[in-house]
Amino acid sequence: QVQLVESGGGLVQAGGSLRLICAASGRTFSSYAMGWFRQAPGKEREFVAAITWGGDNTYYANSVKGRFTISRDKAKNTVYLQMNSLKPEDTAVYYCAATRGIVTMAEYAYDYWGQGTQVTVSS
């Protein structure tokens, strides 16, 4: 069993930065691939970024590539999403998720989800 808690969201102006944090509990956290997803008002939840259990491979949605960076610290059971050059279209609730399978962009493949953290980017 893995429990995920996101933090670090907030209100920021366009061009600014935020770092989201996903704190995980569970002895087997280090064996899970991790992902970040987001859901904007009136839209479906979409993939943002993912990282392998070893942290050596990362994947990004085209919309955030070059601006966002996902990373993990196994010793702290934590996954991060550094978001730079934020745009108003990045406004959404951001979710952290864990999968026992291989790293993937597919939402259905993730087994555990956090409650989400709101990110609002003003123009």
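The values are calculated or read from the model by the stated rules, or taken from the named source; none is laboratory data. Note that the structure is a prediction, hence the values are computed from the model and not measured. Neighbour counts run over all protein chains shown; Cβ positions are idealised from the backbone, glycine included. Calculation scope for accessible area: heavy atoms of the full protein, side chains included, ligands and nucleic acids excluded. Shrake-Rupley method; radii C 1.70, N 1.55, O 1.52, S 1.80 Å.
Remarks
- Just one of (1) open to solvent by less than 50 Å² (accessible area, probe 1.4 Å); (2) of a type outside the set (S, T, N, Q); (3) under 15 Å from GLU6 (Cα atoms) fails for TRP113. It is (1).
- Restricting region 54-83 to residues that are among the polar types (S, T, N, Q) and more than 13 Å from the chain's Cα centre (by Cα), the residue that is least open to solvent (accessible area, probe 1.4 Å) is ASN77.
- Residue count for region 28-41, restricted to those that are loosely packed, with under 14 Cβ neighbours inside 10 Å and over 14 Å from THR99 (Cα atoms): 1
- The C-beta contact set for region 74-86 (first residue at positive phi, second residue at pLDDT 95 or above, distance under 8 angstrom, 6+ apart or interchain) comprises ASN77/ALA23; SER85/GLY15; SER85/SER17; SER85/ARG67.
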